[in-house]
Amino acid sequence: MAFTGAGVSAESGVATFRGAGGLWEGQPVEEVATPAAFQADPDRVWRFYEQRRHSVARARPNPAHTVLAGWQDRFPTYTLATQNVDGLHQAAGSRDVLELHGSLWRVRCLSCGRDRYEPLVPLPQLPPRCATCGAMERPGVVWFGEFLPPGAIEAAQAAAGTCEVLVVVGTSAVVYPAAGLVGIAAAAGARVIEINPAESALAELADVVLRGPAGEMLPLVNERLREA
Ligand code: BJW
Ligand code: ZN
């Protein structure tokens, strides 16, 4: 099983959240990534997400995404769970990705709940409106205080509880319940391998730590697997 965070897309030019240069720097989270922020000022929140959609639309998968996509054909039982909303795993060819925090490429109607794929950049209308009922739509991402898509988090927890090896890539591992996947895997006896150039909240849980960028470390890991 692989579990990824924003760091896996850093080398594709997608900003991470925390730390210097991160998305949350100078922009308090509660002002953009909560249901209350959206209610208070939907235009502002939509502008923030539209900017992100623009920057991600120009991004291409990097060697880390490619290696993680290749593992689905190499291992008969392989699960890829991501906290990322950028769609770059799918762009690299990964199928059945468990998107724990939703997607920048989906929108949902606030009134009738219709959920749809929306790849257009720029959006023809901001905020976008539902073609069925005319109400405002919201970004298809998971904000603080909201439940994760039940199918995705449950499937990820089940996979974590039965995997032999969990490779954790590019996450600070501070946002729950997603970060809890690592504890589930470790408690069930899995080997935990962390790939991150900086220290994360995982220090105690990882059996092996590769302190380097995902786009360099994953191809090296893959070379070793090829030899094995
Ligand atoms: C590289 C690299 C390279 C750099 N290669 N690596 C107290 C305790 C426990 C939980 C809580 C609590 N208080 C509140 C909570 C709940 C809350 C939570 O966890 N808060 C904590 C922050 C304290 N969780 C929630 O609210 C979740 N829902 C929930 O719990 O529901 C139940 C509930 C319902 C009702 C009431 C209460 C509870 C929902 C969480 C949703 C998170 N959403 C976001 C935004 C998504 C939309 C958007 O994109 O705008 O998801 S927040 C943001 O953080 C985003 C990410 O997916 C998530 C994780 O971040 P990630 O991926 O780890 O990125 P970074 O930037 O943190 O780290 C990047 C890492 O990459 C770094 O380590 C770098 O070193 C590394 N890196 N370059 C490899 N080249
Ligand atoms: Zn609607």
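The values are calculated or read from the model by the stated rules, or taken from the named source; none is laboratory data. Please read all numbers here as calculations on a predicted model, not as lab measurements. As a convention, Cβ positions derive from the backbone with ideal geometry for all residues, glycine included, and neighbour counts pool all protein chains shown. The accessibility values were calculated without ligands, DNA or RNA, using every heavy atom of the protein model including side chains. Shrake-Rupley method; radii C 1.70, N 1.55, O 1.52, S 1.80 Å.
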Exercise. Yes or no: Pro61 open to solvent by 30 Å² or more (accessible area, probe 1.4 Å), touching a helix residue (DSSP H, G or I) at 6+ places or on another chain (Cβ under 6 Å) and away from ligand 2 (no atom under 16 Å from the Cβ)?
Worked result: yes
Problem set entry | Output for the range 13-59, where each listed residue is on the phi < 0 side of the Ramachandran plot, small (Gly, Ala, Ser) and near ligand 1 (Cβ under 9 Å from one of its atoms) | Ala15, Gly22, Ala33
Problem set entry | Residues located in the range 130-159, provided they are under 16 Å from the mean Cα position of the chain (by Cα) and among the small types (Gly, Ala, Ser) | Gly140, Gly151, Ala152, Ala155, Ala156
For this session: Take Val8 and decide whether it is part of a helix (DSSP H, G or I), of a type outside the set (Ser, Thr, Tyr) and open to solvent by less than 70 Å² (accessible area, probe 1.4 Å).
Result: yes
Exercise. Name the pairs: first residue in the range 137-151 and open to solvent by less than 30 Å² (accessible area, probe 1.4 Å), second residue more than 11 Å from ligand 1 (Cβ to nearest atom) and not hydrophobic (A, V, I, L, M, F, W, C), Cβ to Cβ under 7 Å, at least 6 apart or on different chains?
Worked result: Glu137/Arg108; Glu137/Pro127; Glu137/Pro128; Glu137/Arg129; Arg138/Arg108; Gly140/Arg106; Gly140/Arg108; Gly140/Asp115
For this session: Just give me the residues in the range 198-215 being surrounded by 13 or more Cβ atoms within 10 Å (Cβ to Cβ) and in contact (Cβ under 8 Å) with a residue 60 or more places away in the chain, in sequence order.
Result: Pro213, Ala214, Gly215
Problem set entry | Residues of the range 173-188 satisfying the condition of being assigned to a loop (DSSP other than H, G, I, E, B) and either open to solvent by less than 60 Å² (accessible area, probe 1.4 Å) or of a type in the set (S, T, N, Q) (or both) | Ala173, Val175, Pro177, Ala178, Ala179, Ala188
